[in-house]
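Undergrad: Once you've had a glance at the structure underneath, I'll fire off some questions.
The values are calculated or read from the model by the stated rules, or taken from the named source; none is laboratory data. What you see is a predicted model, and the numbers here were worked out from it, not measured in a lab. Counting neighbours? That spans all protein chains shown, and the Cβs are built from the backbone with ideal geometry, glycine included. Calculation scope for accessible area: heavy atoms of the full protein, side chains included, ligands and nucleic acids excluded. Shrake-Rupley method; radii C 1.70, N 1.55, O 1.52, S 1.80 Å.
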Amino acid sequence: GQLIALQILHLQNNRLTKVPPSISQVTSLTELNISNNFIKKLTISLSQLKALRKLHLSKNAIQALPADISELAKLKELWIDGNKLQELPPKFENLHSLKLMRASDNHLRILPLDFGRLVNLREVGIFKNFIAKYSTQQPFLQVYLDGNGLTEFPAELTSLQSLKLLNLDNNHLITLPT
């Protein structure tokens, strides 16, 4: 069978090294969780999973996200923490429905310049990376930037009136805004 009605697929905590391309044919999927496996590269066509709202890829060894992730127009939650990502893919800002992103414990050095275009993103976790400069005026509710290499307090954060939680622990801050 082709599991044409399957909406939620959880495959976390296994020993998978790859996801079969046939998963791309399960177009009814709204949630895919392949966290805590041994996946280094995603070989599925994410752009075919048009109904996907939650994508959990945490705790693998993924070095790059496929470019077609930006075509997931309905994606609301993206969990990519605990991988080996060095950057987010081009056109990442096209994920307009994204509300939550966890990208902590990777090798990220910068965020895309258009990161601020993610107008619905409210919670962003990008701690334990190598980000030295943070720049966005996005009205986040929660920002986790702990464990990076920030040397200056991100001035943009002082104008975020909706911000409820800000974590800047374990950076290299010398002064705070007055």
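Undergrad: For percent of Cα pairs over 20 Å apart, several values are listed as [x] 57; [y] 61; [z] 53; flag the one computed from this structure.
TA: [z]
Undergrad: Looking only at region 58-86, which residues have a backbone nitrogen under 20 Å from a spot 7 Å from the Cα of Phe38 in the C-beta direction?
TA: So the set is 58-64, 82-85.
Undergrad: Take the solvent-accessible surface of the protein heavy atoms, probe 1.4 Å, and return the percent of it on the chain that carbon and sulfur atoms account for.
TA: Reported share for carbon and sulfur atoms: 51 percent.
Undergrad: I've got another one for you. Can you pull the percent of Cα pairs in region 126-178 with separation above 13 Å?
TA: 55 percent
Undergrad: For Leu141 and Gln2, compute 0.36 nm times the residue count separating them, minus their Cα-Cα distance, and round to one decimal in nm.
TA: 46.0 nm
Undergrad: Could you point to the residue in Asn36, Val124, Leu163 farthest towards the positive end of the chain's charge dipole, with +1 and -1 charges on the Cβ of Lys/Arg and Asp/Glu respectively?
TA: Projecting each Cα onto the dipole axis, the largest value belongs to Asn36.
Undergrad: Quick one: of Lys18/Lys128; Lys40/Lys164; Lys41/Lys164; Lys18/Lys164, which pairs are farther than 30 Å apart, Cα to Cα?
TA: Lys40/Lys164; Lys41/Lys164; Lys18/Lys164
Undergrad: Return a whole-number percent for the relative contact order of the chain, with Cα pairs under 8 Å and 6 or more residues apart as the contact set.
TA: Averaging sequence separation for qualifying contacts and normalising by length gives 12 percent for the chain.
Undergrad: Placing +1 at every Lys and Arg Cβ and -1 at every Asp and Glu Cβ, with all other atoms neutral, what dipole size does region 78-145 have around its Cα centre, in debye to the nearest 20?
TA: Details: 9 positive and 6 negative charges, 6 e Å.
So the magnitude is around 20 debye.
Undergrad: With +1 on each Lys and Arg Cβ and -1 on each Asp and Glu Cβ, and nothing else charged, work out how big the dipole of the chain is about its Cα centre, in Debye to the nearest 20. Don't jump to the answer; show the numbers that get you there.
TA: Details: 20 positive and 14 negative charges, 106 e Å.
With Lys and Arg at +1 and Asp and Glu at -1, about 500 debye.
Undergrad: When the Karplus curve 6.51 cos²θ - 1.76 cosθ + 1.60 is applied with θ = phi - 60°, which whole-Hz ³J(HN,Hα) does each residue of region 64-70 get, with x for Gly and Pro?
TA: 8, 7, x, 4, 6, 4, 5
Undergrad: Return, ordered by residue number, the residues of region 63-80 whose backbone nitrogen is under 16 Å from a label point located 7 Å along Cα→Cβ of Glu31.
TA: 75-80
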